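Undergrad: Following this message is one structure expressed as structure tokens.
The values are calculated or read from the model by the stated rules, or taken from the named source; none is laboratory data. Nothing here was measured: the structure is a model prediction, and the numbers come from that model. Positions of Cβ are backbone-derived with ideal geometry, glycine not excepted, and every protein chain shown enters the neighbour counts. We work out accessible area using only protein heavy atoms, side chains counted, and drop any ligands, DNA or RNA first. Shrake-Rupley method; radii C 1.70, N 1.55, O 1.52, S 1.80 Å.
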Amino acid sequence: QVQLVESGGGLVQTGGSLRLSCAASGFSLNRYAIGWFHEAPGKEREGVSCVSRTNDTIYYVDSVKGRFTISRDDAKNTAYLQMNNLKPEDSGLYFCLADSTIERLCPKPAYNWWGQGTQVTVSS
């Protein structure tokens, strides 16, 4: 069964850090581009960061540049989103997706096969 499971969210103060994980099972993540998406309360889900299959191309939405870092560890079949200097507006659900190319993920995904997500709450 093909599955992506997000984890690593939590409650942090403004300026704090979290590392989100996206664990793949049932398929090899090294064959896919990976994207992270953010759904703020009452807002449309948006692409935060995506990385191509070979790390040739990386996308960040302007609001997280210099603060967030996407990475992948294909040996562990897991992708990560390191989130530093968190702000209250970063709060919400975070989801990961995998697809054949980065263009099919960011800034808007071609598909909407969303999992449970992981909750991030940043207090002011």
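Undergrad: Tell me, what is the FRET efficiency for PHE27 and GLN119 to the nearest 0.05, using R0 = 30 angstrom and their Cβ-Cβ distance as r?
TA: According to the calculation, E is roughly 0.75.
Undergrad: Within 10 Å of each candidate Cβ there may be at most 16 other Cβ atoms; applying that plus a DSSP loop requirement, which chymotrypsin sites (Phe, Trp or Tyr not before Pro) in region 37-124 survive?
TA: TYR111, TRP113, TRP114
Undergrad: Note the direction-averaged projected area, equal to a quarter of the hull surface, for the Cα convex hull of region 1-54, in nm².
TA: The orientation-averaged projected area of the Cα hull of region 1-54 comes to 5.0 nm².
Undergrad: Can I ask one more? Sorted from largest down, give the three principal axis spans of the alpha carbons of the chain, whole angstrom values.
TA: Cα spread of the chain along its principal axes, largest to smallest: 39, 26, 26 Å.
Undergrad: Then there's this: May I ask you to give the percent of accessible area on the chain that is carbon plus sulfur, with a probe radius of 1.4 Å?
TA: Of the solvent-accessible surface of the chain, carbon and sulfur hold 46 percent.
Undergrad: When ligands, DNA and RNA are left out and all protein chains stay put, how many square angstrom of accessible area per residue does the chain have with a 1.4 Å probe?
TA: With the other protein chains kept in place, the chain gives 54 Å² per residue.
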